[in-house]
1. Take each uninterrupted DSSP H stretch in the chain, measure its Cα extent along the helix axis, and return the ones at 20 Å or beyond whose mean Kyte-Doolittle hydropathy is at least 0.0.
2. Using the Karplus curve 6.51 cos²θ - 1.76 cosθ + 1.60 with θ = phi - 60°, work out ³J(HN,Hα) for each residue of the range 255-261 in order, rounded to whole Hz, and write x for Gly and Pro.
3. Would you work out what percent of the accessible area of the chain, with all protein chains in place, is carbon or sulfur (probe 1.4 Å)?
4. Among the aspartates and glutamates, which fall within straight-line cross-link reach of residue 117, defined as a Cα-Cα distance under 14 Å, with same-chain neighbours fewer than 8 residues apart omitted?
5. Between residue 47 and residue 586, what is the spin-label point distance in nm, taking each point 7 Å from the Cα along the Cα→C-beta axis?
6. Round to the nearest 0.05 the FRET efficiency obtained for residue 6 and residue 359 when R0 = 30 Å and r is the Cβ-Cβ distance.
7. Go through 12/476; 448/630; 128/513; 389/584; 362/476; 146/487 and tell me which ones have a Cα-Cα distance over 26 Å in this structure.
8. Pull out the extension gain between residue 306 and residue 426, defined as 0.36 nm times the separation in residues minus the alpha carbon to alpha carbon distance; nm, one decimal.
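The values are calculated or read from the model by the stated rules, or taken from the named source; none is laboratory data. All figures in this text were calculated on a predicted structure; none of them were measured in a lab. No Cβ is skipped: glycine too gets one built from the backbone with ideal geometry, and neighbour counts run over all protein chains shown. Accessible surface is based on the protein model in full, side chains and every heavy atom, while ligands, DNA and RNA are left aside. Shrake-Rupley method; radii C 1.70, N 1.55, O 1.52, S 1.80 Å.
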Amino acid sequence: MSGFLEELLGEKLVTGGGEEVDVHSLGARGISLLGLYFGCSLSAPCAQLSASLAAFYGRLRGDAAAGPGAGPGPGAGAAAEPEPRSRLEIVFVSSDQDQRQWQDFVRDMPWLALPYKEKHRKLKLWNKYRISNIPSLIFLDATTGKVVCRNGLLVIRDDPEGLEFPWGPKPFREVIAGPLLRNNGQSLESSSLEGSHVGVYFSAHWCPPCRSLTRVLVESYRKIKEAGQKFEIIFVSADRSEESFKQYFSEMPWLAVPYTDEARRSRLNRLYGIQGIPTLIVLDPQGEVITRQGRVEVLNDEDCREFPWHPKPVLELSDSNAVQLNEGPCLVLFVDSEDDGESEAAKQLIQPIAEKVIAKYKAKEEEAPLLFFVAGEVLRHEEFEEGCKASCNGPYDGRWSKTMVGFGPEDDHFVAELTYNYGIGSYKLGNDFLGITLASSQAVSNAKKLEWPLTEVAEGVFETEAPGGYRFYLQKHSAPQADSVVKVTLAVSDLQTSLNYWSNLLGMKIYEKDEEKQRALLGYADNQCKLELQGIKGTVDHAAAFGRIAFSCPKKELPDLEDLMRRENQKILTPLVSLDTPGKATVHVVILADPDGHEICFVGDEAFRELSKVDPEGSKLLDDAMAADKSDEWFAKQKKPKASG
């Protein structure tokens, strides 16, 4: 056992007090279950978890006073076999970049931690177990290394006394046992599922991506049933009330776990380690998992010709499957989308490698640590013949374009919109935009290989400038969330006034506030990119290069938002208006300005999801537009400089 643990954790761990503990001593203590707690001192949810986890750990171990890493006491001799629950040990795996903050956070932890300096090993663990959100707690068999439970947070909530220790996976048939409902009130026993493929659908009415998937899934379900396939879907609700559950379930032609059966819903979440919704798990008639990517498969295969969707070694990156980039290391082979045959040739090139890797880990009953894709280079590119009536391209009325780039689809990632006004050669920068922070060791490596100027401004944090002078801060580690974009920083002249606007009016949650440093961190969700407000002395100057930050929300909320701003005497730059994109969806937007004039666009979610789909032709459209842009040549011939914004 100690061999596996040392390979996973290294030779030494540390206690909260800084004392070193030999990893091989865990084997001598008879540790049978290892919990890996992934977190960060800057996360409020992690601080909350640490408190409840400490109580849980103490109850199970029964030796909190002895401290982590403690062995038998003096005179124990040939000690009696320890109680099974005392065979648990937890190790904290941090994403902290400041050693003092890390020390303060681990000081009161009764369990062990990876040493702060073990940054490379921490990164490997985050990637190995595909951690996309914090806090995360997973349990491993300390002898074999197999994952026992991926959602330890639910274990703490559902089994606070540890009566179900060691929380190993149970057969689907056992977990699902009990009555299931149809939306007409009819009740069926779970035994009716025998002989069928089953889709276990984790979803909720409050979640816009869930509602979008449900509409598609209803049609897929109908097509599969009409084709004579034995298939059933079980809805496992994450709704916040039974009323919402009933309203949402009324749209579904399949079965559901009763909303009142919270214990069974939670056990299903634990069984499949659900970290986000919507998630569709597809099972074979024996209850074994065929794919955890049912959402992706349904969206990619509208005719359901490939049902039950056995995984493919190599995928073509698209809007629907790009969510898998969040789940761990991926090999993405970029190709020239202008050549129709190059994508297929690229698949054939890497498929033998992918099949070999998958087979190797399947033999060990483990998931492959790497996903394989072929892809274009941009999310989408659009050209416009005249200026936007909502000033999306700034105060210009000529031809312009926008290109969307990011680490994943706009559905669940922060994405940058690069705006190009034909004939404009430069923009005067103000002091309003203070930078974007990315957590990506790959970005740091790429910049060094390209000899791009980097300045290390803190340990593992590098400052650089994009063309045009926009600042980026690159953290040399993986993101503590699904998106590699950690935060966007804007300057404000009065921090409290800005907090009142962004939090009290726009409903953002305040995650951090530092009066001394005049900064605050806000967001709409724990696992999304955050907005950082940084107080400056003096007035915020937007000059001519200012941008705009955008959020999507249900279209029906836009009139209410506009009314709220009118009642509060806040600035509305563009009242509710519809915007057309040639050949694509028409979206509805309201554009506001905060007390410092930062522009904020709220866009109707339903049409935006249609507009923002990843365009496989995006790279080609951008290449064609750049090749056709002769403005530099024209200005050179006229011996005139391009205009400055």
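1. On the way: long enough: 44-61 (25 Å, 0.46); 208-226 (28 Å, -0.64); 342-363 (32 Å, -0.29).
For the chain, where a helix must reach 20 Å along its axis and average at least 0.0, the hits are 44-61.
2. For the range 255-261, the Karplus-derived couplings read 9, 8, 6, x, 4, 6, 8 Hz, x marking Gly and Pro.
3. Working: 15680 of 31160 Å².
Carbon with sulfur: 50 percent of the solvent-accessible area.
4. The reachable aspartates and glutamates, counting only those whose Cα sits under 14 Å from residue 117, are 11, 20, 96, 98, 459.
5. 4.8 nm
6. Details: r = 27 Å, r/R0 = 0.90.
So the FRET efficiency works out to roughly 0.65.
7. Values: 12/476 23 Å; 448/630 32 Å; 128/513 33 Å; 389/584 17 Å; 362/476 31 Å; 146/487 34 Å.
Pairs exceeding the cut-off: 448/630; 128/513; 362/476; 146/487.
8. Numbers: separation 120, 0.36 × 120 = 43.20 nm, distance 5.02 nm.
Stretched out fully, the residue 306 to residue 426 stretch lengthens by 38.2 nm.
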